[in-house]
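Notes follow once the structure below has been shown.
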Amino acid sequence: MKNALAEEIAAGRWKAEEQLPAEDVLVQASGFSLGTVQRALRMLVDEGILVRRHGSGTFVAKQSHPLGGPFQHFRFVDDAGDGILPIYTTVLKRFIVKEAGPWDAFLDSGEIVCIDREFSINNEFSLYVRIFFCTIRFPELTSIDTAKLNGVSFKDLLFRRYRQRTASYTEQMSVQPLPAFVTQALKLPKGTVGARLDIVARDTRGDAIYVQYAYIPPNGRQLLMS
């Protein structure tokens with residue numbers, strides 16, 4: 001129930017500061033018990049996705065962009081050890097790539113668009129995530145309003161818009177000083193050493209859908225890799 005509500009919010013069914021239906025309406029629509037609905041709402045409030053206003057109801061939080069869909073990467077374990085911390089995403093910039101790079105070994109020839117995002121992990125620390133797409137394959141990503149990409153899972157977006165399924169991933173991790181553009185954006189000391197997670201997503205034919213680099217600063221959380 002919690003995940004379903006988070007996905008609906010991320011997809012834009014309820015906008016920031018918009019009120020959710022009453023609990024009895026959610027019970028009737030979902031088929032879950034009142035207790036389950038109340039627990040799901042309470043968990044989303046605790047994660048900052050929803051806010052309760054006494055005497056008024058439950059509303060979508062103004063400042064949050066929770067990542068929709070199931071988490072495939074960046075699954076940091078919560079204090080209890082059996083849950084995943086929420087992720088809030090914000091687009092930092094989008095640009096057409098002018099120079100050659102390692103992504104060219106995976107993506108189709110042609111113009112490449114890069115989208116940089118900040119991933120806030122439970123509002124405790126942030127990752128810098130850079131993702132590359134081929135514009136011939138996904139032309140909409142060069143023109144869509146970047147504000148509409150806040151809180152969006154690209155895996156889900158590509159399936160909804162292009163019926164593009166992600167069949168597999170390759171992940172490689174290294175430890176290195178974080179680049180200057182990362183430390184500046186995340187307000188970290190110059191030369192901070194962190195992890196870089198390189199991800200290549202592929203379709204059922206084995207062709208690369210996107211190439212992603214995630215820069216992870218030092219933190220006290222465990223990252224679930226299974």
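Every read-out reported here was derived from the displayed coordinates using simple, explicitly stated rules and does not represent laboratory data. Keep in mind that what you see is a predicted model, and the values were worked out from it rather than measured. Here the Cβ is made from the backbone with ideal geometry for all residues, glycine too, and neighbour counts use every protein chain on show.
For segment 118-209, the dipole from Cβ point charges (+1 on Lys and Arg, -1 on Asp and Glu) about the Cα centre works out to 200 debye, to the nearest 20. For segment 84-149, relative contact order (Cα pairs under 8 Å, six or more residues apart, normalised by length) works out to 35 percent.
When exposed loop sites are taken as trypsin sites (Lys or Arg not before Pro) in a DSSP loop with at most 16 other Cβ atoms within 10 Å, the longest stretch of the chain clear of them is 99-162. Taking a sphere under 15 Å around the Cβ of Thr204 and counting the other residues whose Cβ falls inside, with K and R at +1 and D and E at -1, yields a net charge of +4. Given +1 at the Cβ of Lys and Arg, -1 at the Cβ of Asp and Glu and no other charges, the dipole of the chain around its Cα centre is 240 debye to the nearest 20. May I ask you to list the residues of segment 30-58 whose amide nitrogen lies under 15 Å from a point 7 Å from Cα along the Cα→beta-carbon direction of Asp79? Backbone N within reach: 43, 46-48.
Want the number for Tyr162 to Phe95: 0.36 nm per residue separation, take away the alpha-carbon distance, what's left? It would help to have the intermediate numbers written out before the result.
Working: separation 67, 0.36 × 67 = 24.12 nm, distance 2.13 nm.
Fully extending the segment from Tyr162 to Phe95 adds 22.0 nm.
Which Cα, out of Thr142, Gln222, Ser56, lies furthest along the positive dipole direction of the chain (beta carbon charges, K/R +1, D/E -1)? In the chain, that residue is Thr142.
Estimated from the Cβ-Cβ distance and a Förster radius of 41 angstrom, the FRET efficiency linking Thr170 and Val45 is about 0.65.
Helix 34-46 and the long axis of the chain differ in direction by around 50°, with both axes built from C-alpha atoms.
Taking GluC sites (Glu not before Pro) that fall in a DSSP loop and have at most 16 other Cβ atoms within 10 Å as cut points, what is the longest piece of the chain between them? Answer - 125-226. Farthest toward the positive end of the dipole of the chain, out of Cys114, Ala4, Leu158, is the Cα of Cys114, where the dipole comes from beta carbon charges about the Cα centre.
For Lys2, the aspartates and glutamates whose Cα falls under 12 Å of its own Cα, not counting residues fewer than eight places away in the same chain, are Asp46, Glu47. Inter-part distance, segment 165-226 to segment 12-32, computed on C-alpha centroids, equals 35 Å. Once the chain is represented by equal point scatterers at the alpha-carbon sites, with solvent omitted, what log10 I(q)/I(0) does the Debye formula produce at q = 0.07, 0.14, 0.16 Å⁻¹? Values returned for q = 0.07, 0.14, 0.16 Å⁻¹ are -0.25, -0.95, -1.19. Basic side chains Lys and Arg get +1 at the Cβ, acidic Asp and Glu get -1 at the Cβ, and with that the dipole of segment 1-129 about its Cα centre reaches some 360 debye. Only helices enter this figure: runs of n ≥ 4 DSSP H residues, each worth -39500 (n - 2.57), summed and divided by the residues of the chain, yield -6000 deg cm²/dmol at 222 nm to the nearest 500.
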